[in-house]
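Please treat every number below as a calculation from the coordinates, not as lab data. Here the structure is a predicted model, which means the values were calculated and not measured. All Cβ positions, glycine included, derive from the backbone under ideal geometry; neighbour counts span all protein chains shown.
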Amino acid sequence: MISRLKHFKVFFSDKDRKNWLIIIKEIIQFSLYKKVLPTDYIRKFLYRKDITDIKSYLSFKEFNSILLSKKLVFPIVTTLLENKLIFSIMCEQYKLPAPKLLGYNYKNSFFLNKKNSLVSNKKELASFFQKLFTVTKTDTIFLKPIDGIAGKGCILLKQETINNQIDECAHALFNNSYIYQEYINQHHKINSIYSSSINTTRIITYTNDLNVIQVISSLMRFGTGETITDNTGTGGFYISVNHNTGTLEGVARQDIVKGGKTFTRHPNTNTELEGFIVPHYKESCELAKSASAFFPNRIIGWDIAISESGPTIVEGNHNPSLHMSDVAYGGYCKHPLIKEILMEIDN
């Protein structure tokens, strides 16, 4: 409810809003055409002047019909994707490129080199991570909640500042469960746009009823400010990737809850976005399709980071933000694969 109120706040202050007669007409048309209340008319910026084909966008009912479909999404596979520890171990097992698993904890039980240590205070916690840095011969590690979503709760630990950081993150570590991963050496061309976070390509894969895996669409996300994640929930933004050329195209957008701003350049570095060629894009798509064979939900959102040596899987999402992909694509309902999916669900 609170997020919906934020939608209205952006909507009423948006200078790019269509006139009221057009908005009212479109709301009625959308409702009649989709046979549902137009709850996403504002969320997907359909009220803005540059959106002319509102019927091509998924309604909330269509969105749910896809991601809640028992024909497409399976609880057992979903568990493998949701649990970051299981997912990391499976990537290692199947030799899928992913950040190396360095350790993990379940509240005050900390695991390193197949050994379990009970850690009860900040001093012991600092000693544990100093040992981890030494054993793994790294000076930067990325921590993710095992059951986390939307980039919330992630921590970037550095050896040189570990003692100060422990004061800030001890409470979170002792009260939650985390995995510790090797930090990705992001491709220098992507760092030129924004280097404070790992900026990932979100690739949506779909497996049809003949077990053929295809890419529906892709977009790229970037962090902003000093955030260490690129998630829209932490203030990041997204922009469409042209699947044929692997280039960024169109305008970039923040989530409406975060203000709904649009960008043609990164707000921190002033680097132009449109036309940027995503390094190793085709290889990223092939990696997403290969991974889908081991996690056989029929629709998955893959977050792929690009290192200097190529793509690496950050995570797979059983509940990918099709709202975001819908907006980036310019209306998913005109996509032949989405049409195929909706037709199968209805039968």
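Per residue, the average separation of C-alpha pairs within less than 8 Å and at least 6 apart gives the chain a relative contact order of 19 percent. Between the range 124-177 and the range 1-61, the C-alpha centres lie 42 angstrom from each other.
For the chain, the share of alpha carbon pairs falling in successive 10 Å distance bins from zero is 5, 24, 31, 25, 12, 3, 0 percent. For CYS91, the shell of other residues with beta-carbons less than 11 Å away shows a net charge of +1, using +1 for Lys and Arg and -1 for Asp and Glu. Panel order for TRP20, TRP302, by other beta carbons found within 10 Å of each beta carbon, from fewest to most: TRP20, TRP302.
Each Lys and Arg adds +1 at its Cβ and each Asp and Glu adds -1 at its Cβ; summed about the Cα centre, the range 101-182 shows a dipole of about 240 debye.
Considering Cα pairs under 8 angstrom that are at least six residues apart, work out the relative contact order of the range 98-208 and quote it in whole percent.
33
Net charge near GLY148: determine it from the other residues with C-beta under 12 Å of the C-beta of GLY148, scoring Lys and Arg +1 and Asp and Glu -1.
Summing Lys and Arg as +1 and Asp and Glu as -1 gives 0.
Cross-link partners of LYS122 among lysines, defined as those whose alpha carbon lies under 18 angstrom from its own and excluding same-chain residues fewer than eight positions apart: LYS107, LYS131, LYS158.
Here the range 2-57 is treated with +1 on each Lys and Arg Cβ and -1 on each Asp and Glu Cβ, and its dipole about the Cα centre works out to around 140 debye. My understanding is that a pair violates if its Cα-Cα distance is over 29 Å; which of LYS144/LYS189; LYS70/LYS100; LYS84/LYS114; LYS15/LYS55 do that in this structure? Pairs exceeding 29 Å: LYS70/LYS100. Shape summary of the range 101-182, radius of gyration then Dmax from alpha carbon positions: 11.3, 30 Å.
Among 186-192, 175-181, the peptide with the highest mean count of other Cβ atoms within 10 Å heads the list, and the full ranking is 175-181, 186-192.
Ordered by the number of other Cβ atoms lying within 10 Å of each residue's own Cβ, fewest first, PHE63, PHE8, PHE237, PHE295 fall into the sequence PHE8, PHE63, PHE295, PHE237. Comparing TYR194, SER65, GLY310 along the charge dipole axis of the chain, the residue lying farthest to the positive side is SER65, per the Cβ-charge model.
Relative contact order for the range 8-52: 45 percent, from Cα pairs under 8 Å spaced at least 6 residues apart, divided by residue count.
In summary, the aspartates and glutamates within cross-link reach of LYS152, defined as a Cα separation below 17 angstrom excluding same-chain residues under 8 places away, comprise GLU82, GLU168, GLU226, ASP230, ASP255, ASP303, GLU315. Treating the angle as unsigned and between 0 and 90°, give the value, to the nearest 10°, between the Cα long axis of helix 162-175 and the longest Cα principal axis of the chain. For helix 162-175, the angle is close to 70 degrees. Within straight-line reach of LYS25, meaning a Cα separation under 19 Å, sit the following aspartates and glutamates at least 8 residues removed in sequence or on another chain: ASP14, ASP16, ASP40, ASP50, ASP53. Per-residue Cβ neighbour counts within 10 Å put SER307, SER13, SER218 in the sequence SER13, SER307, SER218, beginning with the fewest. Here the dipole of the range 1-145 is about 180 debye; that uses its Cα centre as origin and unit charges on the Cβ of Lys and Arg (positive) and Asp and Glu (negative). All distinct Cα pairs of the range 14-58 go into the 1/r average, and the inverse of that average, the Kirkwood radius, is 10.5 Å.
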